[in-house]
Amino acid sequence: MNLDNVYASLSNPLGANRHRNRSLRRRLPLLGALLAVGSLAAACTPVVGPVTTTTTTLATTPEQPSILSFTASSAIGTSPALVTFAWSASDANGDSLTCKIDGNGDGTDDVTIANCEFGGSRNLSVSLEDPAVARNLTARLRVEDGNTAEVLSTTTYELLPGPTEPFNITLRGIESLSVATQAAFNQSAAKWEQVLTRGVEDFGAVPTDCLPGGTAPITSVDDIVIDVSVVPIDGVNGILGQAGPTCVNLSTNLGLHGVMQFDTADVAALLSNGSFVSVVLHEMAHVLGFGTLWNTTTFGGTRNLTQGQGTANPRFTGGRAVAEWSNLGGLSTVPLENTGGVGTVGSHWKESIFGNELMTGYLSPASNPLSKLTIAQFADLGYHVDLTQADPYSAPGLGFLRSAMQSQDAPIQGIMLDPPINTTL
């Protein structure tokens, strides 16, 4: 397949992910209502017939735990890879179990999970000792109950050699920005180049019909080209900016070109309060595919990583992100935002669960940490990633409601990318 002409174009790129800077909202606590309940009397007629009861009896003699399943994610790809290991286990005595996973079969446990009898999944980074030679690796799961001998299960998977070049982000137009603004863009690009550890195949000239009008020609792409600008849009407290991919390589389902545009009137305030870097980092994630390339099937791609879009419960289903969600204490697939505007719903993590995480639909006035969850999502998109680049983070919405003080975040709302105007194969 000729990569030079395998692409899709996305129309109206500057209508993507428009973020509005709204005043902070305080969420008031709900007041409960006291209900007076009167006494009720009823006459009951005995039911004639046998009464059936069900009793669960645990084994009285100590028995070893059982490993019901242990698997490695499919389509692992090339080294280094983020491999998702999933398991289920049980214990006849009802003991709490401890699971230890050795992901590359070198005899050293890479992760230990307490109370693992509920099952789950974990991500592990795995690399080839010789990056040029494919290998079949055998991962090992050990399960202990503290009373009997441990049990063992293994699973084998193939790891292929991968590209060794780094991931490169080319920023165009940055030279016309102020020194402080340039610094924010360069810092954000450098961070994503650390998170995304390996480049993708280079692409040749990008067809002009894939690019927004007035865009300078692109003769080659390594690994993505982003045009950035700060221009008047609609004044203070209106549209913060707009960003998204405009051209997609259909052999990788990843972006070739994108745009990031911010309103002059809002940038000064964002620089002053120290939040501009977080906003740029957030917007650059959208250009790289967060929320914008989760479903590429609408324009000829093969990826769809969400379910329930348009309902009250949209979810992200990528296995590597789900494993990090499990690590945070979550169950099932990852909750996506179900409130806000068109560019917020279904394309960000759910703010009531994930709080100030960088990729919720709301900008925190304090910190906006980049979590392993967001980085793992990029692995689901097909990038090689480094989870150690994540910031310390825990999901504040698990187990309790966020307080009014914790909720004082500025909403970020925008418009998602329109469908592409054409696809060329």
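Of note:
- In summary, Ile224 fulfils each of the numbered conditions (1) over 27 Å from the mean Cα position of the chain (by Cα); (2) in contact (Cβ under 8 Å) with a residue 40 or more places away in the chain with the single exception of condition (1).
- Filter result for Glu129 (part of a helix (DSSP H, G or I) and either modelled with pLDDT under 95 or aliphatic (A, V, I, L, M) (or both)): no
- Qualifying residues in region 140-188 (those that are acidic (Asp, Glu) and under 23 Å from Gly105 (Cα atoms)) - the one nearest to the chain's Cα centre (by Cα): Glu158
- Annotation for region 363-382: at least one member residue is touching a strand residue (DSSP E or B) at 6+ places or on another chain (Cβ under 8 Å), within 20 Å of Leu293 (Cβ to Cβ) and part of a loop (DSSP other than H, G, I, E, B).
Residue-by-condition table, conditions (1) outside the structural domain of Gln187 (by TED's automatic domain parsing); (2) at pLDDT 90 or above; (3) not in a loop (DSSP other than H, G, I, E, B):
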site: Phe262; (1), (2), (3): no, no, yes
site: Asp266; (1), (2), (3): no, no, yes
site: Ala269; (1), (2), (3): no, no, yes
site: Leu281; (1), (2), (3): no, yes, yes
site: Thr292; (1), (2), (3): no, yes, no
site: Gln309; (1), (2), (3): no, yes, no
site: Val322; (1), (2), (3): no, yes, yes
site: Thr339; (1), (2), (3): no, no, no
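- All of Thr215, Thr252 fail the test of being in a loop (DSSP other than H, G, I, E, B), under 26 Å from Asn295 (Cβ atoms), among the polar types (S, T, N, Q) and touching a Gly at 6+ places or on another chain (Cβ under 8 Å), apart from Thr252.
- The condition of being more than 20 Å from Thr292 (Cβ to Cβ) and in the same structural domain as Val280 (by TED's automatic domain parsing) holds for only one of Asp227, Asp234, Asp223, that being Asp234.
- From the options Val143, Val206, Val225, residue that is under 30 Å from Glu63 (Cβ atoms) and at pLDDT 90 or above: Val143
- In summary, Gly199 fulfils each of the numbered conditions (1) assigned to a helix (DSSP H, G or I); (2) out of contact with any strand residue (DSSP E or B) (no Cβ under 6 Å at 6 or more places or on another chain); (3) surrounded by 14 or more Cβ atoms within 10 Å (Cβ to Cβ) with the single exception of condition (1).
- Sole residue being basic (Lys, Arg) and farther than 26 Å from Gln389 by Cβ, chosen from Arg122, Arg142, Arg135: Arg142
- Considered as a group, the residues in region 79-123 that are small (Gly, Ala, Ser) and part of a strand (DSSP E or B) include one that is farthest from Gly199 (Cα to Cα), and that residue is Ser90.
- Residues of region 231-249 that are at pLDDT below 90, in a strand (DSSP E or B) and either in contact with a Phe, Trp or Tyr (Cβ under 6 Å, 6 or more places away or on another chain) or more than 27 Å from Phe167 (Cα to Cα) (or both): Val231, Ile239, Leu240, Gly241.
Results for (1) assigned by TED's automatic domain parsing to the domain that holds Trp325; (2) modelled with pLDDT under 90; (3) surrounded by 15 or more Cβ atoms within 10 Å (Cβ to Cβ), shown as yes or no for each residue.
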site	(1), (2), (3)
Val37	no, yes, no
Ala42	no, yes, no
Thr53	no, yes, no
Gly77	no, yes, yes
Phe85	no, no, yes
Thr98	no, no, yes
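- Look at (1) farther than 26 Å from Leu240 by Cα; (2) surrounded by 23 or more Cβ atoms within 10 Å (Cβ to Cβ); (3) at pLDDT below 70; (4) not small (Gly, Ala, Ser) and you find that Leu398 fails only one, number (2).
The values are calculated or read from the model by the stated rules, or taken from the named source; none is laboratory data. Quick caveat, the model's predicted, so the values are computed rather than measured. Don't worry about glycine lacking a Cβ; one is built from the backbone with ideal geometry, like all the others, and counts go over all protein chains shown.
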